[in-house]
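Read through the structure below, which is laid out as structure tokens, and then see the notes.
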Amino acid sequence: MMLEQIKKIEEQIEKATAATKEELEEFRVGVVGRKGIIADLFSKMKEIAPEERKTFGQTVNALKNAAQDKFNELQDTLESLQASDIEHSDLTLPNIPNEMGSVHPITKVREEISRIFERVGFNISEGPEIEDDWHNFSALNFPPNHPAREMQDTFFIEKDPDIALRTHTSSVQVRVMENQKPPIRTLSPGRVYRNETISARAHCIFHQVEGLYIDKNVSFKDLKDTLYYFAKEFFGPNTKIRLRPSYFPFTEPSAELDVSCTVCSGKGCNICKYTGWVEIGGCGMVDPNVLKASGIDPEEYTGFAFGMGIERMTMLKYRINDLRLFTENDLRFLRQFSAL
Ligand code: 2NL
């Protein structure tokens, strides 16, 4: 008898609607409220035969939950109906425009560099920012006592000296060499970490883009051609490049890469410190030890590699004089850059 009654109440709850606040309140008081039907059913517990009390309790409890869900649903529907109530809005008013975001200058420049290298056959590769010693140092021909492996220069994970935040994106290229057969033409842009004191010219977090080209008969001339093509595409058609002999553990021979000053076109200004040239990165022919470490035969293949600083190039291109602007999230700075 009782269960039949509960069934009826259940059906009524299911069918309930509330088109106004008053109707919603009526449902609350009459059904889920302290003196509502559900409370009334619970108070009937003592009239139930002891062996049926358990089933009865469970049934009423389920009903109580269903009623509460229904109440929430009716409330949500009513609120959204009221929110879209056209009676209160003036349809002739102009739309409230969506606020357009902008692309961070580092992202913008990273994308631009990627597109330029993609046009000459490079693909884009990415890898982990938390690296092991092998991919960040050993496979790149860093000797065990190299200063870059010191705590002052590299962020190590305290409990495991084998793990560090990558100090360059060369680690990504090691992973590509380990996993792909030449010919390889890959570009690895990404975030890197070094233990530096933050200033207008240095930061402990910055961005690099590295390129790697490995095939039969890749020469130093190919390297120069590729970098010259890039410099003209990125900085403008009159840009010149200059390579100065240098040293890196992973390339031999190695060189620093300068471009003619984009601000004074090489005449001399305070950006290029009156030299006419600005350094944007380094490059060289991949050391045979590096090829060997990743399973590539240096007798069969040669390759070139280069690395450039994205912040540096962005500062040159957009005449930004303080590196800290990139990470301060000041909208007055960020809004000056449009979408891609
Ligand atoms: C710089 C200099 C450089 C490389 C990066 C590289 C990567 C592999 C093998 C050999 Cl897997 N070399 N990368 C080579 C020369 C210079 O970066 O000033 N970067 C901002």
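The values are calculated or read from the model by the stated rules, or taken from the named source; none is laboratory data. Because the structure is a prediction, the values reported are computed rather than measured. Here Cβ is always computed from backbone atoms with ideal geometry, including for glycine, and neighbour counts include all displayed protein chains. Surface areas here come from the heavy atoms of the whole protein model, side chains and all, with no ligands, DNA or RNA. Shrake-Rupley method; radii C 1.70, N 1.55, O 1.52, S 1.80 Å.
Considering only 96, 241, 271, the Gaussian network model of the chain with Cα springs below 10 Å gives its largest mean-square fluctuation to 96. For the chain, the Cβ-based charge dipole about the Cα centre amounts to some 1120 debye (Lys, Arg positive; Asp, Glu negative; other atoms uncharged). On full extension, the segment bounded by residue 327 and residue 299 gains 5.6 nm, given 0.36 nm per residue less the C-alpha separation.
With the contact rule set at Cα under 8 Å and sequence spacing of 6 or more, what percent relative contact order holds for segment 21-150? Can you show the working numbers first?
On the way: 35 pairs, mean separation 20.0, N = 130.
Relative contact order, segment 21-150: 15 percent.
Of the GluC sites (Glu not before Pro) found in segment 281-317, the ones in coil according to DSSP and having at most 14 other Cβ atoms within 10 Å of their Cβ are 299, 300.
How big is the shadow of the Cα convex hull of the chain, averaged over all directions, in nm²? Write out the running numbers ahead of the final one.
Details: hull surface 126.0 nm².
The Cα convex hull of the chain, projected and averaged over all directions, gives 31.5 nm².
Partnerless cysteines in the chain, where a partner means another cysteine C-beta under 4.7 angstrom, comprise 204, 283.
Treating only the Cβ of Lys, Arg, Asp and Glu as charged (+1, +1, -1, -1), what charge dipole size does segment 218-295 show about its Cα centre? Round to the nearest 20 debye.
Computed charge dipole of segment 218-295: roughly 260 debye.
Accessible area of residue 191 (1.4 Å probe, protein heavy atoms only, ligands and nucleic acids ignored): about 100 Å².
Kirkwood hydrodynamic radius of segment 1-137, from the reciprocal of the average inverse Cα-Cα distance over all distinct pairs: 21.6 Å.
Restricting attention to segment 256-305, which trypsin sites (Lys or Arg not before Pro) occupy a DSSP loop and are surrounded by at most 13 other Cβ atoms within 10 Å?
Those that pass, being in a loop and sparsely packed, are 267, 273.
Among the listed pairs 15/46; 224/267; 7/35; 21/54; 216/240; 108/232, give every one whose C-alpha distance is greater than 25 Å. Before the final figure, lay out the partial values.
Values: 15/46 29 Å; 224/267 23 Å; 7/35 19 Å; 21/54 36 Å; 216/240 28 Å; 108/232 18 Å.
From the list (15/46; 224/267; 7/35; 21/54; 216/240; 108/232), the Cα-Cα distance tops 25 Å for 15/46; 21/54; 216/240.
With r defined as the distance between the Cβ atoms of residue 58 and residue 82 and R0 fixed at 35 Å, what FRET efficiency is calculated, to the nearest 0.05? It comes out at approximately 0.40. Working from label points 7 Å from Cα in the Cα-to-Cβ sense, the residue 274 to residue 115 distance is 3.9 nm. For segment 1-78, the Cα-based Rg and Dmax, in that order, read 13.2, 43 Å. Solvent exposure of the chain amounts to 60 Å² per residue of accessible area, where only protein heavy atoms count and the probe is 1.4 Å.
Mind checking the full-extension length gain between residue 12 and residue 238? Use 0.36 nm per residue of separation minus the Cα-Cα distance, one decimal, nm. Residue separation times 0.36 nm, minus the Cα-Cα distance, leaves 73.3 nm.
Length available on full extension from residue 247 to residue 138: 0.36 nm per residue minus the Cα-Cα distance, which gives 37.6 nm.
Placing a pseudo-label 7 Å from each Cα along the Cα-to-Cβ vector at residue 336 and residue 107 gives an inter-label distance of 1.9 nm.
Treating only the Cβ of Lys, Arg, Asp and Glu as charged (+1, +1, -1, -1), what charge dipole size does segment 54-176 show about its Cα centre? Round to the nearest 20 debye. Present the calculation step by step, with values, prior to reporting the outcome.
Values: 11 positive and 21 negative charges, 75 e Å.
It works out to roughly 360 debye.
Rounded to the nearest 500, what is the chain's calculated 222 nm mean residue ellipticity when only DSSP H runs of at least 4 contribute -39500 (n - 2.57) each, over all residues?
On the way: 11 runs with 122 residues, N = 340.
Value at 222 nm, helices only: -11000 deg cm²/dmol.
Say a paramagnetic label sat at a point 7 Å from the Cα of residue 100, along Cα to Cβ; which residues of segment 315-340 have their backbone N under 19 Å from it? Those under the cut-off are 331-340.
Our analysis of segment 273-319 gives Rg over Rh at 1.22, with the two radii drawn from alpha carbon positions and Rh computed by the Kirkwood formula.
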